[in-house]
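Student: Supplied in structure tokens, the structure appears directly below.
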């Protein structure tokens, strides 16, 4: 941005590679590996942009904030991590000492303000896009409450995929989560129980004539709710053992 680059707010993955003495492809791989956990915690992905290499070809790189850089640095060895921390300290000292350029004209000031507003709006859109999924995962992870399959269908619909109780039952039978025939029809399969996706609730009913009836209800656990919602909103298939 020329004179409009007032304050260093980000650092590119290329600069991180040069600073730490690592190959850029390895830095990119480390960032991609650590991104899912970052998204899970705050709902934001790292900013991926493009640059033109020496051959004139467009290549991907990341632009990371200070806190994102320090998070990624946990993958580095002590020396590389120290270099990155000291570089950010240098940049912040320059900022505190006023070692930056101010807009040379009203036009430049307007362009800077527009650029900053664009960045804010982009981050807000990312937050809003991930908000339903993040809030759902947080709510379920702190609750042990099980729910009926009909309730799960409503939760999935609220997260953007319209589906009713009957269709969800059919999908679960087809994909091996519920038994599809016999006396165990619509009860969890062994696989689903081992993954911790369901619980079985048995209710005993005594009829007026003295006969006793035992009814079985399949209920989706908190872990199961996260698992199935993640399936339907198009995220990568989750590892149920880590939910």
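Quick note: the coordinates plus some simple rules give every number you see, no bench work behind them. These numbers come from a predicted model, not from an experiment. Neighbour counts run over all protein chains shown; Cβ positions are idealised from the backbone, glycine included.
Student: Give me the number: length gained by fully extending residue 33 to residue 183, i.e. 0.36 nm times residue separation minus the C-alpha to C-alpha distance, one decimal in nm. Don't skip to the answer; put the middle values down first.
Tutor: Numbers: separation 150, 0.36 × 150 = 54.00 nm, distance 4.49 nm.
Gain on extension, residue 33 to residue 183, equals 49.5 nm.
Student: If you project the alpha carbons of segment 28-71 onto their three principal axes, what span does each projection cover, largest first, in Å?
Tutor: 38, 18, 16
Student: Need one number: convex hull volume per residue for segment 147-242, Cα atoms only, in Å³.
Tutor: Numbers: hull volume 10.3 nm³, N = 96.
Once divided by residue count, the hull of segment 147-242 is 108 Å³.
Student: Where the centre of each part is set by its Cα atoms, how far does segment 179-215 sit from segment 23-93, in angstrom?
Tutor: Segment 179-215 and segment 23-93 have Cα centres spaced 51 Å from each other.
Student: Still on this model: Arrange the following residues from fewest to most other Cβ atoms within 10 Å of their Cβ: 203, 189, 216, 10. Walk me through the intermediate numbers first.
Tutor: Details: 203 9, 189 19, 216 12, 10 15.
Listing 203, 189, 216, 10 from fewest to most nearby Cβ atoms yields 203, 216, 10, 189.
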